[in-house]
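My questions all concern the structure below.
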Amino acid sequence: MEKYLGENTRKLGFGLMRLPKENDVIDVEQVKVMVDRFLEAGFTYFDTAWAYGGSEEAMKEALIKRYPRDQYTVATKLAAWIGCKTKEDAMAQFDTSLERSGAGYFDYYLLHNLGEHRTKFFDDFDMWNFAKELKASGKVRHIGFSFHSTPEELEEILIAHPEAEFVQLQINYADWEDPGIQSRACYEMARKYDKPVVIMEPLKGGLLATPPEAVAKIFKEANPDALLPSWGIRFAASLPGVITVLSGMSSVQQMEQNLSYMKDFKPLSEEEQATVAEARRVMASLPIIPCTSCNYCAKVCPMNIGISGTFTARNVLAIYNNAYVAGRRHSWLVDQHNKARATECIHCYACVEVCPQHIQIPERLEECVEALKL
Ligand SMILES: NC(=O)c1ccc[n+]([C@@H]2O[C@H](COP(=O)([O-])OP(=O)(O)OC[C@H]3O[C@@H](n4cnc5c(N)ncnc54)[C@H](OP(=O)(O)O)[C@@H]3O)[C@@H](O)[C@H]2O)c1
Ligand code: SF4
Ligand code: SF4
């Protein structure tokens, strides 16, 4: 895997978890344009997952059917902790991914979102040996895992499974020193075991693309010409040992913006690193619910609560102190997407078990009910 490091300065990956949608259906025509721009600029890494509804199929239409298979690399993932009762259920996810995507083989195959109670599913269903068999048969080229938990748990997995060739981690400047996420400590642990790193959530799911005013001001003063998302993505890409930085771009415009500064990528200078450190300090002082809108909780909530939409609206209120805008955001993300309101939560805690950000969701929802007057 080390050969993937350093030789290639094109360190932007296309994360396919947040593709553009029209009436809740992925806008494949727009994705085609995004794919074209991405490949034209010389980038090659695509990241999807069995669990990202419609993403593997969209990738087939926009990428696999339209470009020779050896001109790009594809990563997908197996989530044994979602709906699997047997080893066969878990293994079936691979065949489904292959069929949906038409990719023929996967360059990178990840066991998806290890950490906490989720790790056990992969051991119970013998998924590590399954991944090794897939690699031996040529159906996948490299095996790794994505991870959300503590550096200590990461070390346990790295010791138990030296066959993992790379690790995918949540890394962004806001979470770098965050005691709940421990981006830096997890990154250092992966590097201690010589594992190359794929970075996910470099903009904390979008929160750092439009950061709170106090943070935006720091960046604008440092460089009025730099796009705000560029700080997050360049911070991540500046780390040594990184295969690629996945950006979950959701429009052609976002794609063009991110390509504009990643095409001729320059690592952050010392001065820029100091600016980012100052932004991190200010960010940490703000009362934001650290939800990245990954929507893993939505897959397990029996009440179909609009959890991420509620938290987004709450954050809008906290950052901009504008109840009207926050209410409209809630109406759009929750009511108009046919999600139940936070008042319907039955405190079953199913969501807390899968939340990579360790948010005490029911309690935070109660706060939101009060703040947003739901
Ligand atoms: N456990 C796992 O394996 C796991 C977990 C999470 C993610 N991932 C993978 O990692 C990828 C990256 O994570 P992520 O999607 O959370 O990435 P991210 O870069 O932190 O967030 C993506 C969001 O940032 C905003 N954004 C990006 N570029 C922008 C720009 N130029 N201007 C304005 N806004 C911009 C968009 O928000 P709006 O859409 O709101 O505009 C976009 O949806 C995912 O797509 C997925 O493939 C894997
Ligand atoms: S605690 Fe509430 S939000 Fe979480 S899964 Fe249960 S009903 Fe849904
Ligand atoms: S509450 Fe947690 S699991 Fe749900 S969308 Fe936010 S970060 Fe993801």
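Quick one: how many Å² of Arg66 are accessible to a 1.4 Å probe, rounded to 10?
It works out to around 90 Å².
For q values of 0.22, 0.26 Å⁻¹, compute log₁₀ I(q)/I(0) with the Debye formula on a Cα-only model of the range 177-237, without solvent.
Normalising to I(0) and taking log10 leaves -0.94, -1.11.
Another question about this same structure. How much mean residue ellipticity at 222 nm does the chain get from its helices, if each DSSP H run of length 4 or more adds -39500 (n - 2.57) and you divide by all residues, to the nearest 500 deg cm²/dmol?
Numbers: 15 runs with 155 residues, N = 374.
Roughly -12500 deg cm²/dmol at 222 nm, from the helical runs in the chain.
If you don't mind, there's one more thing I want to ask. Express in whole angstrom the spacing between the alpha-carbon centres of the range 119-195 and the range 323-369.
Cα centres, the range 119-195 to the range 323-369: 29 Å.
Also, quick follow-up: Which of the GluC sites (Glu not before Pro) found in the range 153-214 are in a DSSP loop and have at most 13 neighbouring Cβ atoms, other than their own, within 10 Å? Don't skip to the end; give the middle numbers.
On the way: sites: Glu153, Glu155, Glu156, Glu163, Glu165, Glu177, Glu188, Glu213; in loops: Glu163, Glu165, Glu177.
When the GluC sites (Glu not before Pro) of the range 153-214 are filtered for loop state and at most 13 Cβ neighbours within 10 Å, Glu163 remain.
Right, something else. Normalising by the residue count of the chain, find the relative contact order in percent from Cα pairs under 8 Å and 6+ residues apart. Write out the running numbers ahead of the final one.
On the way: 630 pairs, mean separation 56.4, N = 374.
Reported as a whole number, the value is 15 percent.
Treat the chain as a sphere of radius equal to its Kirkwood radius over Cα pairs and apply Stokes-Einstein at 20 °C in a medium of 1.002 mPa s; give the translational diffusion coefficient in µm²/s, rounded to a whole number.
Details: Rh = 21.2 Å.
Calculated translational D: 101 µm²/s.
Kindly sort Lys87, Lys192, Lys32 by accessible area of their heavy atoms, largest first, with the probe set to 1.4 Å.
On the way: Lys87 75, Lys192 130, Lys32 50 Å².
Heavy-atom accessible area, descending, gives Lys192, Lys87, Lys32.
For an R0 of 41 angstrom, estimate the FRET efficiency from the Cβ-Cβ distance between Ala350 and Ser260 and round to the nearest 0.05. Write out the running numbers ahead of the final one.
Details: r = 42 Å, r/R0 = 1.01.
Once the sixth-power term is evaluated, E becomes 0.50.
Taking the Cβ-Cβ separation of Glu40 and Asp126 as r and a Förster radius of 56 Å, what is the calculated FRET efficiency to the nearest 0.05? Mind dumping the intermediate values first?
Numbers: r = 42 Å, r/R0 = 0.75.
Given R0 = 56 Å and the Cβ-Cβ separation, E is 0.85.
Still on this structure, please answer the following. Figure the gain on full extension for Asn23 and Lys85 (residue separation times 0.36 nm, minus the Cα-Cα span) and round it to one decimal in nm. Could you put the intermediate results ahead of the total?
Values: separation 62, 0.36 × 62 = 22.32 nm, distance 3.28 nm.
Roughly 19.0 nm would be gained on extension.
Before I look further, what does the chain give for accessible area per residue, probe 1.4 Å, in whole square angstrom? Please report the intermediate quantities before stating the final value.
Values: 16130 Å² over 374 residues.
On a per-residue basis, the chain sits at 43 Å².
Then there's this: Rounded to whole Å, give me the distance from the Cα center of the range 269-299 to that of the range 15-29.
Using only Cα atoms to place each centre, the spacing works out to 25 Å.
How much solvent-accessible surface does Lys339 expose, in Å² to the nearest 10, with a 1.4 Å probe and all protein chains in place?
Ignoring ligands and nucleic acids, Lys339 comes out at about 70 Å².
Report the charge-dipole magnitude of the range 297-372 in Debye, nearest 20, computed about the Cα centre from +1 at each Lys and Arg Cβ and -1 at each Asp and Glu Cβ. Before the final figure, lay out each step's value.
Working: 7 positive and 7 negative charges, 61 e Å.
Taking the Cα centre of the range 297-372 as origin, the dipole is about 300 debye.
I would also like to ask the following. Using a 1.4 Å probe and ignoring any ligands, DNA or RNA, find the accessible area of Tyr193 and quote it in Å² to the nearest 10.
70
The values are calculated or read from the model by the stated rules, or taken from the named source; none is laboratory data. Given the structure is predicted, the values throughout are model-derived calculations rather than measurements. Backbone-built Cβ (ideal geometry, glycine too); neighbour counts: all protein chains shown. When the accessible area is computed, the model is the full protein with side chains, heavy atoms only, and any ligands, DNA or RNA have been set aside. Shrake-Rupley method; radii C 1.70, N 1.55, O 1.52, S 1.80 Å.
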